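**Q** Let me begin by handing over the structure; questions about it come next.
The values are calculated or read from the model by the stated rules, or taken from the named source; none is laboratory data. Everything numeric in this text was worked out from a predicted model, so none of it was measured. Cβ placement follows ideal geometry from the backbone for every residue including glycine, while neighbour counts extend to all protein chains displayed. The area values use the complete protein model at the heavy-atom level, side chains included, leaving out ligands, DNA and RNA. Shrake-Rupley method; radii C 1.70, N 1.55, O 1.52, S 1.80 Å.
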Amino acid sequence: MLAAAKAKPDTVTFGTIANGSLAHLTMMLLQKAAGVGLVHVPYRGGGPLAVAAAAGEVDLPTATGTIFVQQIQAGSLRVLASTGPKRWSGRPEAPTLKEMGIPVEAEAFWGALAPAGTPAAIQARYAEALRKAMAVPAVQERLVNVLGIDLAPRDGATFRDFLAQQIETWGKVVRENGVKPD
């Protein structure tokens, strides 16, 4: 895809769930790092993007693997690369962008938040309940093998630091590129 984009700039399309989504911002970094021009096609959510991807409406449907699990398992979509820090467990044969020599890393994540001011005791009970639920083999099986979510639990302080870093990183990309969400 990158070779095609270099050969014919601004002809290869990439679809995302929306303007300003993690996939959109990641592809902005990829274009800069790889020296290519791609055409963004924003959809209104994962469902429309998955349908468009299956219909071949975009060259590079780009989103978390969870959106495309069924198409990937059916063989109608092929994973070209993972944007995360490690290969996606859903398709470990697909390299990361960094392994391909593209210095771009973006990690979709799931997190549990509570309103500011929630007492520490309640936060601790909530975190413990989540840890217990994620330790149940049937829950892990569904998250990993059905929904395509790689589990990477973090404690509250680590997750808070991670979120702060994400806000800083992606805020800079938004500002530098004048991104306006839908």
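**Q** Tilt of helix 120-135 relative to the longest C-alpha principal axis of the chain, in degrees (0 to 90, nearest 10)?
**A** 60 degrees
**Q** Return the FRET efficiency for the residue pair residue 124, residue 144: r is the Cβ-Cβ distance, R0 is 22 Å, and the value is rounded to the nearest 0.05.
**A** Working: r = 26 Å, r/R0 = 1.18.
Working from the Cβ atoms, E equals 0.25.
**Q** Of 6/172; 86/132; 132/172; 6/86, which ones are farther than 31 Å apart at the Cα?
**A** Beyond 31 Å: 132/172.
**Q** Here's another thing I want to ask about it. So what's the angle, to the nearest 10 degrees on a 0 to 90 scale, between helix 156-177 and the longest Cα principal axis of the chain?
**A** For 156-177 against the chain, the angle is about 30 degrees.
**Q** Using the scaling law 2.2 N^0.38 Å as the reference, what is the normalised Cα Rg of the chain?
**A** Numbers: Rg = 17.7 Å, N = 182, 2.2 N^0.38 = 15.9 Å.
Relative to the rule-of-thumb radius for its length, the chain sits at 1.12.
**Q** So who's got an amide H within less than 5 Å of the one on residue 60, skipping anything under 5 residues away but keeping other chains? H placed 1.01 Å off N, in plane.
**A** Hits under the 5 Å cutoff: 13, 14, 15.
**Q** Grab the beta carbon distance between residue 177 and residue 74, set R0 = 41 Å, and tell me the FRET efficiency rounded to 0.05.
**A** That gives a FRET efficiency of 0.75.
**Q** Right, something else. Over the chain, give the accessible area per residue in Å² for a 1.4 Å probe, as an integer. If you can, show how the numbers build up before the last one.
**A** Values: 11080 Å² over 182 residues.
Averaged over the residues of the chain, the accessible area is 61 Å².
**Q** In the stretch 82-145, what percent of the accessible surface is made up of carbon and sulfur (1.4 Å probe, ligands and nucleic acids excluded)? If you can, show how the numbers build up before the last one.
**A** Working: 2750 of 4500 Å².
For the stretch 82-145, the apolar C and S fraction of the accessible surface comes to 61 percent.
**Q** Can you tell me the 0 to 90 degree angle between the C-alpha axis of helix 22-34 and the longest principal axis of the chain, rounded to 10?
**A** Tilt of helix 22-34: around 50 degrees.
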